[in-house]
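One structure is given below, encoded as structure tokens.
The values are calculated or read from the model by the stated rules, or taken from the named source; none is laboratory data. Small disclaimer: the values here were computed from a predicted structure and weren't measured. Cβ: placed from backbone, ideal geometry, glycine included. Neighbour counts: every protein chain shown.
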Amino acid sequence: MDGISLLTITVLAVFVGFEVVSKVSSTLHTPLMSGANAIHGIILVGAIIVAGQATHPWVLAVALLAVVLATANLVGGFVVTDRMLEMFRGRKPDKPAKPGAGATQGETKENTEATR
């Protein structure tokens, strides 16, 4: 394939990928990210295998770059997934106030604020 064909395929893949991802609802985003993280893990293993079997220095350089980029992508994916899961978790209930901490027995919050 010539360079123009490869560039055309890349541009179309970016456009289609953007359109598909932008249409995903937030409810489905977290499971899809988890699946994508699994795929990135496989890519990382493949990059490590290629780096281990490289015979030419330029192949080793490209393979090590692939390892670094795949690692960054994998870690970033887990960070984003963790943040998304935090959004779905309920808030932790507030700790109940200890008796005698602030107001005396029999005083309510309204009474305390009214006297200030």
Point to revise | Every residue from region 29-74 that is touching a helix residue (DSSP H, G or I) at 6+ places or on another chain (Cβ under 8 Å), closer than 29 Å to GLU86 by Cα and β-branched (Val, Ile, Thr) | key: THR30, ILE43, VAL67, THR71
Check your understanding: Residue check, ALA54 against (1) surrounded by 10 or more Cβ atoms within 10 Å (Cβ to Cβ); (2) among the small types (Gly, Ala, Ser); (3) part of a helix (DSSP H, G or I); (4) modelled with pLDDT of 80 or more, all met but one. Which one?
Key -> (3)
Review point. Is there any pair linking a residue in region 61-84 that is on the phi < 0 side of the Ramachandran plot to one that is part of a helix (DSSP H, G or I) and hydroxyl-bearing (Ser, Thr, Tyr), with Cβ under 8 Å and at least six apart or on different chains, and which?
Key: THR81/THR30; THR81/SER34; MET84/SER26; MET84/THR30
Exercise for review: Only one of these is at pLDDT below 75 and surrounded by 11 or more Cβ atoms within 10 Å (Cβ to Cβ): GLU113, GLU107. Name it.
Suggested key: GLU107
Review point. Name the residues in region 1-19 that are loosely packed, with under 10 Cβ neighbours inside 10 Å, modelled with pLDDT of 80 or more and not charged (D, E, K, R), would you?
Key: GLY3, ILE4, SER5
Point to revise | Criterion violated by VAL21 - all others in (1) part of a helix (DSSP H, G or I); (2) farther than 26 Å from PHE88 by Cα satisfied | key: (2)
